[in-house]
Amino acid sequence: MATYLLKRLGMTVIVVLAVMTFLSLLVHLVPGDPVEIVLGPQATPAQVEVVRAEMGLDNPIPIQVWDFVVGALQGDLGLDFLSRTPVTQLIAQAIPHTVVLAITALALAALVGIPLGVYAARRQNSLADRAMALLSIGFITMPSYIAALLLLIVFAVQLDVLPAVGTGSFANPLDYAIHLVLPASALAITWIGYVARLVRTSMLSVLGSNYVRTSRAFGVRDRIIFYKWALKNAIIPTLAVLSSGLADLLGGAVLVEIIFSRPGLGRLTVEAISERNFPVVQGAVLVIALFYVLTNLLADLSYRLVDPRIRVEESAVGA
Amino acid sequence: MTIAPAPDRVPPTSAGLRPLLGRLVRRPAGAFGVAVVAALLLVAVFAPHVVPYDGATQDIPNRLQGPSGSHLLGTDGLGRDLLSRILLGVRIELAVALPAVCTSLVLGLLLGLVAGYRGGWVDNAVVVFMDTIQAFPSVVLALVLVAVLGPSLTNLVIVVAITFAPQSARVTRASVLALRQSPFIEAERALGAGTLRIIGVHVLPNVIAPLFILLAMNIPSAITVEAGLSFLGMGVQPPTPSWGVILSEGFADVYEAPWAVLWTALALVLTTIGFTTLGETLRDVSDPRLSGAKGLRYDR
């Protein structure tokens, strides 16, 4: 375990450095002169030089990478081109909206998905079970922005019962929560299907096992087998999947935040990209990637901690 | 004395195409998947000949209409026929998704083969490369790359291919790692077979089957990414009727007429379910060992 942990952590550090390098070189992938693209055709040569120096583009490339990495490690991601505010400040304003959204979506996925899965397992092969299997495929395959658009059409356009623009005010929790309903549901839908399916399969695999058959023969009550053993076994993989889901939600959040005009990290990124505001793009994408890498790491480690069998498999393969 | 060549212990990867198709169609989910995919391919090929309108002619007086006899699905903000645009869009979606996913599979196959077979620092380098690509949610990475390279159909294909390559690389690498240890490969090596022969004749047939499943599973993911980027204005550019473009234009008028968004969303959902059920059934009938494999995560 210790070797694995060390290797995994070392790998994470290397990947984070690789991500930073990639982001710091992003500007150079632009065909043509990045500064002229940023400033537009009307810029005077003097202005171009000023911005070039400010972006550090006249330094040798290794120095540019070094400066970006060192800056990022010190919490300095540069200044927004247009508003001259520090990028870290923009990110700090955006993060809470995204994090609240993602966590609400996951909570929703667990609260709806687990009971659905339990119900389906309870009535295996019933009509309800089959209908649910179909529904969960539909849910799992539905991209969150499509779910967002459909929810918006039904609840904001047709029924006009839920707000679809902005976040409401933070000071008024009820207002904020109401604004959260549609975007969080849109993000949760995939995971509801996923969790329902996972819970059903894990429960059924326990219920079909030899020890359950033997216990039943010995007179252990169904209720105990079902809720105490089978459900417990299903919860562990579900939590692991949900914790890795937190990372995946960020990708979906980008489009969902645009659709519902929520000033989160995703919207910050997209707006910066369309304005060619490179420092903001670099900073926001770096934060998203860090979040993604770290939650994946945590999910991986916690999964290993809860389920010792994974360790055994690992040493058997010799990875 | 000559040594007889070792009998090939390669398990048959599939018992031919016909029985596989038969087994696919016998399951309801498989039949559904095959039907949807076949319908999409037919539409992609024949759409320009069968659509009621050309999808480009504007008819401003009749803009934002609901479904009617002359426009079965209604019209968009410029009075263009939605049915025609969505059907023509199928071709655009597949024109991005098919080449992108195929390229990603080939790229991943090569990376996975080299990494798994060579091991050592080559393997480590490939793994870091893949981990770095996968350190971003795929939509975010694709968004950044397309924005930097410039939005065009070709760039979209390249970007989606890069974003998706690590998946197939991982699958290939894992099977190569397992195969490399197996006795029949060892025997082959002892008999003096070269690296190329071992990889080409023995390893390749064993690692390629799961990639066909990834192909079916990843096409909807590629369509999802394409439509998402085009929705943000960072993919296929209007007036080309990509589904993302139709969604984005429809979204502007969604409070007046939700039809464009509604129909396109449903088309996308149907497509995604079709390809995914096809992929899942393919996985179940072709190799039951894979049925626990992680599929179905479009966002990766």
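The values are calculated or read from the model by the stated rules, or taken from the named source; none is laboratory data. None of the values given here were measured: they were computed from a predicted structure. Neighbour counts run over all protein chains shown; Cβ positions are idealised from the backbone, glycine included. Protein only, heavy atoms only, side chains kept; ligands, DNA and RNA dropped before computing areas. Shrake-Rupley method; radii C 1.70, N 1.55, O 1.52, S 1.80 Å.
Restricting attention to region B:262-278, which residues are farther than 27 Å from residue A:156 by Cβ and surrounded by fewer than 24 Cβ atoms within 10 Å (Cβ to Cβ)?
B:274
Looking only at residues in region B:46-69 that are in a helix (DSSP H, G or I) and open to solvent by 80 Å² or more (accessible area, probe 1.4 Å), which one is nearest to residue B:92 (Cα to Cα)?
B:46
Could you identify the single residue in B:145, B:177, B:153, B:149 that is open to solvent by 30 Å² or more (accessible area, probe 1.4 Å), closer than 27 Å to residue A:274 by Cβ, of a type outside the set (Asp, Glu) and within 14 Å of chain A (Cβ to nearest Cβ)?
B:149
Restricting attention to region B:127-160, which residues are touching a residue at least 40 places away in the same chain (Cβ under 8 Å), within 20 Å of residue A:297 (Cα to Cα) and part of a loop (DSSP other than H, G, I, E, B)?
B:134, B:137
So which residues in region B:224-242 are more than 9 Å from chain A (Cβ to nearest Cβ) and either surrounded by fewer than 20 Cβ atoms within 10 Å (Cβ to Cβ) or over 21 Å from residue A:267 (Cα atoms) (or both)?
Across region B:224-242, the qualifying residues are B:237, B:238, B:239, B:240, B:241, B:242.
Within region B:187-231, which residues are assigned to a loop (DSSP other than H, G, I, E, B) and modelled with pLDDT of 90 or more?
Within region B:187-231, none qualify.
Given the options B:219, B:213, B:199, name the one that is open to solvent by 20 Å² or more (accessible area, probe 1.4 Å) and β-branched (Val, Ile, Thr).
The conditions single out B:199.
From the list B:131, B:81, which one is surrounded by fewer than 22 Cβ atoms within 10 Å (Cβ to Cβ), more than 18 Å from residue B:233 (Cα to Cα) and not aromatic (Phe, Trp, Tyr)?
Just a single option satisfies the conditions, and that option is B:131.
Can we say residue A:274 is open to solvent by 10 Å² or more (accessible area, probe 1.4 Å), among the small types (Gly, Ala, Ser) and within 17 Å of residue A:103 (Cα to Cα)?
No; evaluated as a whole, the condition is false for this residue.
So which residues in region B:235-268 are part of a helix (DSSP H, G or I) and of a type outside the set (A, V, I, L, M)?
Of all residues in region B:235-268, those part of a helix (DSSP H, G or I) come to B:243-252, B:259-268.
Answer for region B:235-268, where residues must be part of a helix (DSSP H, G or I) and of a type outside the set (A, V, I, L, M): B:243, B:244, B:248, B:249, B:250, B:251, B:259, B:263, B:264.
Do you know which of the residues in region A:148-170 that are more than 16 Å from residue A:262 (Cα to Cα) and not in a loop (DSSP other than H, G, I, E, B) is nearest to the chain's Cα centre (by Cα)? First the steps, then the outcome.
Taking region A:148-170 and keeping what is more than 16 Å from residue A:262 (Cα to Cα), we get A:150, A:153-155, A:157-161.
Next, only the ones that are not in a loop (DSSP other than H, G, I, E, B) stay: A:150, A:153-155, A:157-158.
Numbers: A:150: 21, A:153: 24, A:154: 25, A:155: 25, A:157: 27, A:158: 30 Å.
Applying the filter and picking the extreme gives A:150.
In region B:183-223, which residue that is of a type in the set (A, V, I, L, M) and within 14 Å of chain A (Cβ to nearest Cβ) is farthest from residue B:136 (Cα to Cα)?
B:216
Kindly evaluate residue A:183 against the criterion of being more than 12 Å from chain B (Cβ to nearest Cβ) and in a loop (DSSP other than H, G, I, E, B).
no
Collect the residues in region B:114-126 that are in contact (Cβ under 8 Å) with a residue 12 or more places away in the chain and not small (Gly, Ala, Ser), keeping them in residue-number order.
If the condition is that a residue be in contact (Cβ under 8 Å) with a residue 12 or more places away in the chain and not small (Gly, Ala, Ser), then B:114, B:117, B:123, B:126 are the ones that fit.
Has region B:104-113 got any residue that is without any contact (Cβ under 8 Å) to a residue 60 or more places away in the chain, out of contact with any strand residue (DSSP E or B) (no Cβ under 9 Å at 6 or more places or on another chain), under 29 Å from residue A:245 (Cβ atoms) and in a helix (DSSP H, G or I)?
No - not one qualifying residue is present in region B:104-113.
Got at least one residue in region B:265-272 being touching a Lys or Arg at 6+ places or on another chain (Cβ under 7 Å) and either touching a residue at least 60 places away in the same chain (Cβ under 8 Å) or within 30 Å of residue B:171 (Cβ to Cβ) (or both)?
Checked region B:265-272: no residue is touching a Lys or Arg at 6+ places or on another chain (Cβ under 7 Å) and either touching a residue at least 60 places away in the same chain (Cβ under 8 Å) or within 30 Å of residue B:171 (Cβ to Cβ) (or both).
Restrict the check to region B:246-261 and report whether at least one residue is among the hydroxyl-bearing types (Ser, Thr, Tyr) and open to solvent by less than 10 Å² (accessible area, probe 1.4 Å).
no
Restricting the search to region B:279-300, which residues are more than 10 Å from every other protein chain (Cβ to nearest Cβ), under 20 Å from residue A:142 (Cα atoms) and either at pLDDT 90 or above or surrounded by fewer than 22 Cβ atoms within 10 Å (Cβ to Cβ) (or both)?
Of everything in region B:279-300, just one residue is more than 10 Å from every other protein chain (Cβ to nearest Cβ), under 20 Å from residue A:142 (Cα atoms) and either at pLDDT 90 or above or surrounded by fewer than 22 Cβ atoms within 10 Å (Cβ to Cβ) (or both), namely B:293.
For region A:27-43, give me each residue that is aliphatic (A, V, I, L, M), out of contact with any helix residue (DSSP H, G or I) (no Cβ under 6 Å at 6 or more places or on another chain) and within 11 Å of another protein chain (Cβ to nearest Cβ).
A:37
In region A:240-267, which residues are more than 19 Å from residue B:224 (Cα to Cα) and either more than 11 Å from chain B (Cβ to nearest Cβ) or at pLDDT 90 or above (or both)? Before the answer, list the steps.
We begin by selecting, within region A:240-267, every residue more than 19 Å from residue B:224 (Cα to Cα); these are A:240-244, A:246, A:261-265.
A:240, A:242, A:243, A:246, A:261, A:262, A:263, A:264, A:265, listed by residue number.
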